[in-house]
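In what follows, a structure is listed as structure tokens, so that the remarks can point back to it.
The values are calculated or read from the model by the stated rules, or taken from the named source; none is laboratory data. If you're wondering where the values come from, they're calculated on a predicted model, not measured in any experiment. Backbone-built Cβ (ideal geometry, glycine too); neighbour counts: all protein chains shown. To get the accessible areas, we keep the full protein, side chains included, count just its heavy atoms, and leave off ligands, DNA and RNA. Shrake-Rupley method; radii C 1.70, N 1.55, O 1.52, S 1.80 Å.
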Amino acid sequence: MGCKPLLALLLSLAALAQTGRPPYDPNDPEGLVLWPNGQGRFAWKRAGHWKIERFPAAPDRQPAAATLDALSALLRATPEGSQPVGWWMLESRRLEAQDPALGRAPWRFSSGFYPFYIEDILRNGKFVQATGGETESVYFEFNLLPGRIGRPVIATESGGVEFYLRPRATATFAGFPLIEGQDLLIARSGRDPWSPVSYGRALKAALPQYEKDAATAAQRLAGLKKENEETQSAAFEQKMRDQFERNYGALRTSNPNRYQTRLATLEKEIVYYRQLGELRANPQRDKDGNWYWNPVDALEDARRRLASLSPQDAARPACFTPAQGRDGRYAMPGAIQISGAPNCEDLAADNLGYFDPALGRASAQLLLVRSIGRCATVAGGRLVGNQYPPRSSPPQGCLRHVPIWEAMDWQRVGALVVH
């Protein structure tokens with residue numbers, strides 16, 4: 001890299017930090033800023049455009065396509081979206097079938113929005129506008145059950161159904177809940193994309209994990225017992241004495257006093273290791289033995305509760321309480337309980353009955369905006385965009401998403417979902 005291009009870049013960044021724009025020629029209609037290596041340039045003032053990649057047309061898909069057209073129009077109706085300058089938008093659409101477990105659920109369809117800054121690449125001596133690159137995309141997903149949204153899975157049924165801590169609404173934006181600070185959720189009135197998990201079902205699903213922790217503890221104990229047998233053996237003592245003689249045997253004649261001192265230390269070490277081996281091979285119900293008794297007791301408790309479970313309690317909603325002392329609790333680090341217990345978070349699963357098949361496969365029954373949280377936080381109901389250091393390139397990605405979201409008519413977005 002030459003000195004002059006590097007100096008120009010440094011001056012550009014300094015000016016950008018002060019004014020928000022790099023120092024391009026005010027008379028340049030495109031606001032061109034050359035890359036330091038001269039192999040490309042940014043066009044800060046060039047008019048942008050929207051490019052839409054549509055899925056193949058078919059009569060039965062038309063309602064889904066019309067929904068995405070209406071969504072796109074709402075984004076493009078905002079001041080930021082209607083006149084892109086220095087950037088352009090790639091809108092990538094897709095449509096796919098749902099998981100067979102959902103039966104005749106509507107199709108999943110979505111629009112992913114990719115705001116790119118305008119840049120030209122030098123090819124064969126001519127600048128050609130780039131058609132892609134890297135940017136922050138955000139997807140508007142229709143008919144996608146939100147799932148756990150980063151919450152931990154607590155248990156899994158043999159068929160693969162996951163039970164997880166119920167995702168939480170951490171804020172509200174435009175009247176809609178923001179889930180776990182990430183995804184904006186627009187659901188049908190009176191319908192919940194998550195279903196509670198019954199206590200009996202959750203406890204039964206969690207039993208293999210309780211058993212796994214207990215088996216891990218038993219395996220560890222078996223190893224310690226084997227070590228203890230070796231430590232108590234005559235062979236162990238002889239091995240230590242042989243090693244002692246190799247290291248200090250010469251002292252027997254050269255320095256008898258020192259030899260006797262070392263020998264006394266050896267005798268104490270043999271006793272110590274044997275006492276330690278005995279202690280570790282027989283864990284007590286104290287802090288040193290929790291690694292064994294915690295999982296063993298948890299398994300016995302889970303089995304007892306499952307065996308004595310009444311039909312009424314089995315049908316009640318379940319929750320999860322983290323274990324206070326987690327020693328030995330790895331696969332199941334807590335207790336499955338009946339919802340309402342202290343410090344207990346409700347368990348949830350995907351609501352496979354959320355969708356109404358009578359509405360048609362191309363109906364929009366749920367909208368998930370994934371993920372607003374990568375670009376902004378919500379404070380007091382308002383968006384607070386993430387901060388980025390000054391750059392010589394025009395704003396793209398999140399810096400274009402957030403102004404669009406701030407000005408968009410979210411009530412009309414919500415109306416795209418069947419209520």
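Quick notes on this structure:
- Arg191 surrounded by fewer than 19 Cβ atoms within 10 Å (Cβ to Cβ) and over 20 Å from the mean Cα position of the chain (by Cα): yes
- Taking the numbered list (1) more than 30 Å from Pro29 (Cα to Cα); (2) surrounded by fewer than 20 Cβ atoms within 10 Å (Cβ to Cβ); (3) not β-branched (Val, Ile, Thr) in turn, Ser72 passes all entries but (1).
Matching residues to (1) closer than 30 Å to Leu90 by Cα; (2) at pLDDT 95 or above; (3) part of a loop (DSSP other than H, G, I, E, B); (4) open to solvent by 50 Å² or more (accessible area, probe 1.4 Å):
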{"site": "Thr131", "(1), (2), (3), (4)": "yes, no, yes, yes"}
{"site": "Tyr139", "(1), (2), (3), (4)": "yes, yes, no, no"}
{"site": "Pro146", "(1), (2), (3), (4)": "yes, yes, yes, no"}
{"site": "Leu203", "(1), (2), (3), (4)": "no, yes, no, no"}
{"site": "Tyr210", "(1), (2), (3), (4)": "no, yes, no, no"}
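- The set of residues in the stretch 369-401 that are more than 22 Å from the chain's Cα centre (by Cα) and surrounded by 15 or more Cβ atoms within 10 Å (Cβ to Cβ) comprises Pro390, Arg391, Ser392, Ser393, Pro394, Pro395, Gln396, Leu399, Arg400.
- Any hit, the stretch 41-56, residues being more than 20 Å from Pro115 (Cβ to Cβ), at pLDDT below 95 and out of contact with any helix residue (DSSP H, G or I) (no Cβ under 6 Å at 6 or more places or on another chain): yes
- Residue ID - modelled with the highest pLDDT, chosen from residues in the stretch 381-419 that are of a type in the set (Ser, Thr, Tyr) and in contact with a helix residue (DSSP H, G or I) (Cβ under 8 Å, 6 or more places away or on another chain): Tyr388
- Residues located in the stretch 148-158, provided they are among the β-branched types (Val, Ile, Thr) and outside any loop (DSSP other than H, G, I, E, B): Val153, Ile154, Thr156
Conditions tested, residue by residue: (1) among the charged types (D, E, K, R); (2) open to solvent by 100 Å² or more (accessible area, probe 1.4 Å).
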site: Asp242; (1), (2): yes, no
site: Gln260; (1), (2): no, yes
site: Leu266; (1), (2): no, no
site: Glu269; (1), (2): yes, no
site: Asn282; (1), (2): no, no
site: Asp286; (1), (2): yes, no
site: Trp291; (1), (2): no, no
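- Considering the stretch 316-419, the qualifying strands (runs of 3 or more DSSP E), each wholly inside and each with 2 or more residues that are among the aliphatic types (A, V, I, L, M), run over 334-338, 345-350, 366-370, 376-379, 382-385.
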